[in-house]
Each structure stands twice: as C-alpha cells, then as structure tokens.
1. State which residue is surrounded by the most Cβ atoms within 10 Å (Cβ to Cβ) when the search covers only region 136-167 and only residues that are among the hydrophobic types (A, V, I, L, M, F, W, C) and part of a loop (DSSP other than H, G, I, E, B).
2. Taking only pairs six or more apart or across chains, which ones have beta-carbon atoms under 9 Å, a first residue in region 204-225 that is part of a strand (DSSP E or B), and a second residue that is at pLDDT below 95 and among the aliphatic types (A, V, I, L, M)?
3. I need the full set of residues from region 122-135 which are surrounded by 11 or more Cβ atoms within 10 Å (Cβ to Cβ), of a type outside the set (Val, Ile, Thr) and within 22 Å of Asn283 (Cα to Cα), in order please.
4. Considering each residue of region 20-46, count those that are of a type outside the set (S, T, N, Q), part of a loop (DSSP other than H, G, I, E, B) and open to solvent by 20 Å² or more (accessible area, probe 1.4 Å), and give that number.
5. With the requirement that a residue be part of a loop (DSSP other than H, G, I, E, B) and either more than 16 Å from Pro8 (Cβ to Cβ) or β-branched (Val, Ile, Thr) (or both), what does region 52-79 give you?
6. In region 230-250, how many residues are open to solvent by 20 Å² or more (accessible area, probe 1.4 Å) and among the aliphatic types (A, V, I, L, M)?
7. Taking the conditions exactly as written (among the β-branched types (Val, Ile, Thr), assigned to a loop (DSSP other than H, G, I, E, B) and either touching a Phe, Trp or Tyr at 6+ places or on another chain (Cβ under 7 Å) or touching a residue at least 24 places away in the same chain (Cβ under 8 Å) (or both)), does Val181 satisfy them or not?
Amino acid sequence: MARHVFEPISFHNVIGTAEPVLNVSDGDTVVAATIDAWGFDRHGKQGASSPNPMTGPFFVKGAEPGDVLTVRIDRMTPSRDTGWTFTPLAPNVVDPAAVARMPERQHCTWIIDRQSETARLAEPPASLVDWSVPLAPMIGCFGVAPAGGQAISTATSGPYGGNMDYRRFAPGTTVHFPVSVPGALFYLGDGHACQGDGEIVGTGIETSFEVEFTVRVTKGKAINWPRGETADAIFTVGNARPLDQALQHATTEMLAWLGSDFGLDLTAASHLLGQTARYDIANVFNPAYSVACRLSKRWLKESPFRSGET
C-alpha cells in the first residue's frame, strides 16, 4: 500500500472515459489538490473553466465492471483563505409568489480562518456582522466513469456519482461507487468549506482543497447507486429529477443493501425503514436532485464496510 501525492495540471468538466492521470493500487492513499467550482486554485488563479472542474481520473488497478470502488475520505484541508457563495436563495426553493421579492443574485466572498476553523462573510449585512459558521468540509462532486462510454457534465449526477452536493461526503465518510469501466476512473473536486442541506443558494462555500483519500476494490459485489457510511450511519444516494424519483432510487438501493449484507427480506426491511429511516435532501439545485436514505447503525449488525477498515 503506497501513498501518492498528486498535483494536477489539467482538469475535466465531464466524468467519463479519459486518460488516467495516475495509476494506483487497492489500498493506496492519494493526496490530491482540487480547485473550486469556477476553476480557481489555492493561489486564487483560474486554471480551468466551470462547472466543477475535476481532478483525475485515477485508475485503480484491479477494478473491473461489476466491482465496487470504495473511497474513504481521510482528510480535507482548505488550501486558501477565501471562498465564495451566491445569494439569495434559488428561485425553486421558495413559493413562486416570493421570487419577485427576492434581491438580485450576487457573488459573495467569505473569509476562511483555518486557525479558528470558521468562515465569515467579507461584507456581511448589518445583522450578520458578528456571525460565522464552523468549517465543515465536504466534497460536492466526485465519482467514477459511467457505463457505455458516456461523458457526463460535472453539473449533474447519476448512478456513477457526480455533482451530488451531499454534506455527509466529508472526512471520515466511506463511499462506495459501482464500477462500470476497467480501473473505475475516479474523479473528485468541487470542495465546500461548509454547506447546508439542499445547496439552496446554488453553492456551498466554494474553495480549493488538499484532499487525502484511500481506495479499495471489492470484487464481484455489484451495486446500483452510491452508498456511504459514517461513524454512526449507513446511507444510499439517489440522483434524479423530480425529487420523488431521487428518493425512490435511494430507497430501493437501501432495500438491496439491507437484503444482501444484513439478511433482511423485503418485509423485514420495510418494517425497519418504515420506522427508522431518515431522508436527507442533499441538493435541489442541480439538473439532477439528490436524496439520501440514511439508517442509524444502532438498528444494524456491524457493517461489512467498516469505517477506517475499507
């Protein structure tokens, strides 16, 4: 098992079959730089265009179609002292009658204090002068090459992952992707210093990062949608529009997981989910919305994908 440090010189605005930038092996750890959603790097220079330029792809030796690529997010360190968001709320998250009353869309700069691990607006409204938020780094867009030779915009998402903007894709989380091409071809980028549920202003606090992650390959264990595990929960993510279709994908994937790995038939799984499932609206801004079906580990036996032991 090796540790690789990778500094990208080019980026991708699609996730698909492309020439790998680095070959890694099962169990290897990679430290990679990412740039923000508009392509600005740690020096504040724009090295790529939007949307969401990706670092990668990384070729994982031994990964084949029908396998699972597991990615453990080990660390995310902001690499500059500023980030940005938009305001106001996206028009689709308020009543239609309220849209005309909303202020004009503005680009807002945030000051990222890596010492105190907080972020604050550079030019706050008077009522928020003393307000800051704790840093809560997360990956907005990442995933593996989809099937069929597709190259899909990093603005959206699908079974392969992509621009899901789920705030639990954070350090300490382990994520599982379905492998559709040899080597999986893993991409990542679009780091957020903080973001609320839904990405309801169209961004998190967008900034550049140094991301450390570890990859593992599980042979012959097919899944259909991204799965994940935190210290206290497992979750599945569905990506689609309308929102109810994203929920359906996430729920169906959770049913499959409970059956294959925890021995629950559809009746037992239905009882469990009916009383204990939690749904997170990951994003309602992108072309495909994202919904996570989340289940506390207190209801389950020990997961075969244990955090820290992928």
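1. Result: Met164.
2. Thr214/Met1
3. Leu135 - this is the single residue of region 122-135 that is surrounded by 11 or more Cβ atoms within 10 Å (Cβ to Cβ), of a type outside the set (Val, Ile, Thr) and within 22 Å of Asn283 (Cα to Cα).
4. 9
5. Lys61, Gly62, Ala63, Glu64, Pro65, Gly66, Asp67
6. Here the count works out to 3.
7. yes
Yes/no per residue for (1) of a type in the set (Val, Ile, Thr); (2) touching a Lys or Arg at 6+ places or on another chain (Cβ under 8 Å); (3) over 15 Å from Phe142 (Cβ atoms); (4) in contact (Cβ under 8 Å) with a residue 24 or more places away in the chain:
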{"site": "Glu7", "(1), (2), (3), (4)": "no, no, yes, yes"}
{"site": "His12", "(1), (2), (3), (4)": "no, no, no, yes"}
{"site": "Ser25", "(1), (2), (3), (4)": "no, yes, yes, yes"}
{"site": "Trp38", "(1), (2), (3), (4)": "no, no, yes, yes"}
{"site": "His43", "(1), (2), (3), (4)": "no, yes, yes, yes"}
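The values are calculated or read from the model by the stated rules, or taken from the named source; none is laboratory data. What you see is a predicted model; the values in this text were computed from it and never measured. Heads up, the Cβs are rebuilt from the backbone with ideal geometry, glycines too, and the neighbour counts pull from every protein chain shown. The protein model used for the area step is the full one, side chains on, heavy atoms only, and it has no ligands, DNA or RNA in it. Shrake-Rupley method; radii C 1.70, N 1.55, O 1.52, S 1.80 Å.
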